[in-house]
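Worksheet: the structure to be examined is printed underneath.
The values are calculated or read from the model by the stated rules, or taken from the named source; none is laboratory data. Here the structure is a predicted model, which means the values were calculated and not measured. Note that we place each Cβ from the backbone using ideal geometry, even for glycine, and neighbour counts take in every protein chain shown.
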């Protein structure tokens with residue numbers, strides 16, 4: 001379960017199925033934000049060559065996912081709606097250390113990113129298994145595999161560069177915090193909602 005404490009209630013898929021256009025639009029914007037996040041991490045930590053190299057690939061994958069979701073939207077006769085706010089991500093952001101050292105901020109940003117990828121992966125897995133639409137089932141299965149890889153990339157760099165920081169302890173604290181936040185979600189047709 002990618003270290004998550006709580007699984008999504010499978011009934012969330014029923015909510016998603018009631019408005020496929022909304023979930024696809026929300027998902028598209030999630031992918032765009034994931035690409036932007038990777039680029040922001042690169043910008044703030046450009047001295048780490050391997051991190052820059054790997055996150056450039058990750059950002060490109062996220063943009064490809066954005067394009068894939070947009071193609072799915074067009075194929076189904078929908079239009080990409082306006083960008084949505086992601087309340088789950090905004091609440092999760094409150095956990096991040098904003099007054100610590102540069103290294104602490106980098107580790108928190110990497111763990112924050114890993115958590116979002118882990119929850120997205122968990123939601124994609126649930127969609128791949130429970131959604132009645134065979135095309136979307138396969139679509140979300142394929143994306144689930146990629147999201148799991150992104151999760152390991154972020155958490156791996158946090159552990160690699162978090163020298164002097166108890167990264168595993170910080171991850172456990174974030175998992176605990178996320179388990180409280182996620183209790184308020186799973187009630188709307190959005191990826192994290």
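Just one of the numbered conditions (1) over 16 Å from the mean Cα position of the chain (by Cα); (2) touching a residue at least 12 places away in the same chain (Cβ under 8 Å); (3) closer than 15 Å to residue 119 by Cα is not true of residue 174: (1). Six or more apart or on different chains, Cβ under 9 Å: which pairs go from a residue in region 69-85 that's within 14 Å of residue 32 (Cβ to Cβ) to one that's part of a loop (DSSP other than H, G, I, E, B) and at pLDDT below 95? Could you list them? Pairs found: 73/81; 84/190; 84/193. Out of all the residues in region 67-84, is one or more within 16 Å of residue 192 (Cα to Cα) and in a loop (DSSP other than H, G, I, E, B)? So far as region 67-84 goes, yes, one or more of its residues are within 16 Å of residue 192 (Cα to Cα) and in a loop (DSSP other than H, G, I, E, B).
Does residue 96 count as within 16 Å of the chain's Cα centre (by Cα), surrounded by fewer than 17 Cβ atoms within 10 Å (Cβ to Cβ) and either outside any helix (DSSP H, G or I) or modelled with pLDDT of 95 or more (or both)? Steps first, please.
Details: within 16 Å of the chain's Cα centre (by Cα): yes; surrounded by fewer than 17 Cβ atoms within 10 Å (Cβ to Cβ): yes; either outside any helix (DSSP H, G or I) or modelled with pLDDT of 95 or more (or both): yes.
So residue 96 fits the description; yes.
Residue-level analysis places residue 108 among those that are buried (at least 21 other Cβ atoms within 10 Å of the Cβ), in contact (Cβ under 8 Å) with a residue 12 or more places away in the chain and either farther than 22 Å from residue 7 by Cβ or under 14 Å from the mean Cα position of the chain (by Cα) (or both).
Quick check on region 1-32: of everything there that is surrounded by fewer than 16 Cβ atoms within 10 Å (Cβ to Cβ) and closer than 17 Å to residue 147 by Cβ, which residue is modelled with the lowest pLDDT?
In this case the residue turns out to be 1.
When you look at residue 176, is it assigned to a helix (DSSP H, G or I), in contact with a helix residue (DSSP H, G or I) (Cβ under 9 Å, 6 or more places away or on another chain) and over 16 Å from residue 41 (Cβ atoms), yes or no?
Numbers: assigned to a helix (DSSP H, G or I): yes; in contact with a helix residue (DSSP H, G or I) (Cβ under 9 Å, 6 or more places away or on another chain): no; over 16 Å from residue 41 (Cβ atoms): yes.
Criteria not met by residue 176.
Taken over region 37-62, the criterion of being surrounded by fewer than 17 Cβ atoms within 10 Å (Cβ to Cβ) and either in a helix (DSSP H, G or I) or touching a strand residue (DSSP E or B) at 6+ places or on another chain (Cβ under 6 Å) (or both) is satisfied by 39, 40, 43, 44, 49, 50, 52, 53, 56, 57, 60. If you check residue 185 against the conditions, is it on the phi < 0 side of the Ramachandran plot, at pLDDT 95 or above and out of contact with any strand residue (DSSP E or B) (no Cβ under 6 Å at 6 or more places or on another chain)? Spelling it out, it is not the case that residue 185 is on the phi < 0 side of the Ramachandran plot, at pLDDT 95 or above and out of contact with any strand residue (DSSP E or B) (no Cβ under 6 Å at 6 or more places or on another chain). Within region 1-35, being in contact (Cβ under 8 Å) with a residue 24 or more places away in the chain, more than 25 Å from residue 57 (Cβ to Cβ) and not in a loop (DSSP other than H, G, I, E, B) holds for 12, 13, 15, 16, 17, 20, 21, 22, 23, 25.
For residue 147, the conditions (1) assigned to a helix (DSSP H, G or I); (2) modelled with pLDDT of 95 or more are fulfilled apart from (2). Considering only residues that are surrounded by fewer than 17 Cβ atoms within 10 Å (Cβ to Cβ) and within 19 Å of residue 119 (Cβ to Cβ), look in region 147-167 and name the one that is farthest from the chain's Cα centre (by Cα). That would be 156. Per the conditions (1) in a helix (DSSP H, G or I); (2) in contact with a helix residue (DSSP H, G or I) (Cβ under 8 Å, 6 or more places away or on another chain), the sole criterion not satisfied by residue 104 is (2).
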